[in-house]
Ligand code: TXA
Ligand code: MG
């Protein structure tokens with residue numbers, strides 16, 4: 001199959017209407033999208049991604065009114081979150097209506113739903129009459145793609161079209177929030193910070209690191225991983241003597257590593273910029289001649305929490 005990269009919403013729409021898979025841009029990472037209501041189309045997402053069926057998919061819609069079509073009810077705090085942060089890097093688990101196939105939710109009673117913040121994808125969603133199921137557009141377990149070229153490099157020949165929306169703005173996946181006894185629980189750290197969520201709805205519980213957490217089955221301990229070994233260093237003095245290693249830093253270079261093998265995610269020390277650049281840096285070093293990758297631990301606040309989470313999963 002010939003894979004085309006382009007900016008035609010019409011082409012993407014037609015393919016999706018035929019039950020085909022299309023790479024789509026969002027503000028977080030690129031997705032591998034298909035008609036969420038068409039079981040055969042959804043099945044082919046699992047095949048292309050080599051993804052186990054126990055790992056459910058996020059459903060993407062363009063408005064709150066659409067969310068109501070696929071969910072039984074929206075708790076008050078979920079509504080507050082959507083009102084403040086959607087479209088944006090927020091996914092909420094809500095009780096699903098029967099119209100959502102069990103395959104999409106891996107048999108779970110709840111569907112993960114979000115409104116992505118990308119003009120091309122919002123226009124695409126507005127042009128079709130069904131929601132889009134879309135996991136990140138990477139082979140299962142590997143680093144998520146933040147450009148159309150990343151998607152092409154790994155999935156060309158397997159999908160007909162990639163809608164090119166440039167580099168993604170946020171760079172890490174959406175934050176996943178669910179409700180237990182009406183109380184909010186964060187299951188995946190992501191592009192929306194915990195601080196922002198707590199400012200909106202008050203304190204939230206966290207259930208993040210449990211490998212094989214039955215509530216968010218895809219939260220595997222090892223994920224987002226380059227092929228090369230990645231180590232996290234709690235660097236104070238940045239004295240590393242590893243001439244063969246690559247380095248991912250925040251805003252400070254390390255000594256003892258070749259300058260050309262070092263990537264600073266944000267020379268200005270901005271965590272949002274660092275998150276945006278994280279996955280591309282991991283890919284660049286993974287595809288370079290370095291033997292292994294060393295990353296610093298980032299400040300544990302704001303998007304630094306999501307960066308540390310992704311580095312940790314990449315390191316095991
Ligand atoms: O930013 C994002 O969320 C990106 C873009 C493309 O939207 N998508 C993404 O999808 O990261 P994916 O498939 O790589 O990760 C989705 C994770 C699953 O692994 C699972 O942990 C959780 O979301 N999830 C999805 N549906 C769920 C459900 N019904 N119940 C519990 N967890 C669910
Ligand atoms: Mg993923």
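The values are calculated or read from the model by the stated rules, or taken from the named source; none is laboratory data. Owing to the predicted nature of the structure, the values given are computational and were not obtained by experimental measurement. Glycine gets a Cβ as well: all are built from the backbone with ideal geometry, and neighbour counts include every protein chain shown.
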Note on region 241-256: residues surrounded by 15 or more Cβ atoms within 10 Å (Cβ to Cβ) and more than 22 Å from residue 304 (Cβ to Cβ) are 242, 245
Do we find a residue being in contact (Cβ under 8 Å) with a residue 12 or more places away in the chain, farther than 22 Å from residue 5 by Cβ, in contact with a helix residue (DSSP H, G or I) (Cβ under 9 Å, 6 or more places away or on another chain) and not in a loop (DSSP other than H, G, I, E, B) anywhere in region 29-37? no
Of (1) more than 23 Å from residue 194 (Cα to Cα); (2) within 11 Å of ligand 1 (Cβ to nearest atom), residue 66 fails just (2)
When every residue in region 220-237 that is modelled with pLDDT under 70 and within 16 Å of ligand 2 (Cβ to nearest atom) is compared, the one surrounded by the most Cβ atoms within 10 Å (Cβ to Cβ) is 220
When (1) more than 12 Å from the chain's Cα centre (by Cα); (2) modelled with pLDDT under 95 are applied to residue 158, the one that fails is (2)
Among (1) over 17 Å from residue 132 (Cβ atoms); (2) in contact with a strand residue (DSSP E or B) (Cβ under 6 Å, 6 or more places away or on another chain); (3) assigned to a helix (DSSP H, G or I), residue 5 falls short only on (3)
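Okay, residues lined up against (1) touching a helix residue (DSSP H, G or I) at 6+ places or on another chain (Cβ under 8 Å); (2) modelled with pLDDT of 95 or more; (3) farther than 26 Å from residue 187 by Cβ; (4) crowded, with 20+ Cβ neighbours inside 10 Å:
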residue	(1), (2), (3), (4)
272	yes, yes, no, no
290	yes, yes, yes, yes
295	yes, yes, no, yes
299	yes, yes, no, no
308	no, yes, no, no
Residue 153 meets each of (1) within 17 Å of the chain's Cα centre (by Cα); (2) without any contact (Cβ under 8 Å) to a residue 24 or more places away in the chain with one exception, condition (1)
Checked 32, 64, 108, 79 against criteria (in contact with a strand residue (DSSP E or B) (Cβ under 9 Å, 6 or more places away or on another chain) and away from ligand 2 (no atom under 16 Å from the Cβ)); the one match is 108
Being closer than 24 Å to residue 278 by Cα and either at pLDDT 95 or above or crowded, with 18+ Cβ neighbours inside 10 Å (or both) narrows 31, 19 down to just 31
Filter region 124-136 for residues that are part of a loop (DSSP other than H, G, I, E, B) and touching a helix residue (DSSP H, G or I) at 6+ places or on another chain (Cβ under 7 Å); the one that is farthest from ligand 1 (Cβ to nearest atom) is 127
From the option list 116, 145, 139, single residue qualifying as at pLDDT below 95 and either away from ligand 2 (no atom under 15 Å from the Cβ) or not in a helix (DSSP H, G or I) (or both) is 139
*asked:* residue 87 - would you say it is surrounded by fewer than 18 Cβ atoms within 10 Å (Cβ to Cβ), touching a helix residue (DSSP H, G or I) at 6+ places or on another chain (Cβ under 9 Å) and touching a residue at least 24 places away in the same chain (Cβ under 8 Å)?
replied: no
Of (1) in contact (Cβ under 8 Å) with a residue 24 or more places away in the chain; (2) within 13 Å of ligand 1 (Cβ to nearest atom); (3) assigned to a loop (DSSP other than H, G, I, E, B), residue 121 fails just (3)
Reported set for region 65-81 where residues are exposed (fewer than 14 other Cβ atoms within 10 Å of the Cβ) and part of a helix (DSSP H, G or I) is 65, 69, 76
Just to be sure, is residue 59 part of a strand (DSSP E or B), in contact with a strand residue (DSSP E or B) (Cβ under 8 Å, 6 or more places away or on another chain), modelled with pLDDT of 95 or more and closer than 14 Å to residue 102 by Cβ?
yes
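Can you name the residue in region 160-190 that is within 16 Å of ligand 2 (Cβ to nearest atom) and over 27 Å from residue 95 (Cα atoms) and, of all such residues, is surrounded by the fewest Cβ atoms within 10 Å (Cβ to Cβ)?
Within region 160-190, the match that is surrounded by the fewest Cβ atoms within 10 Å (Cβ to Cβ) is 170.
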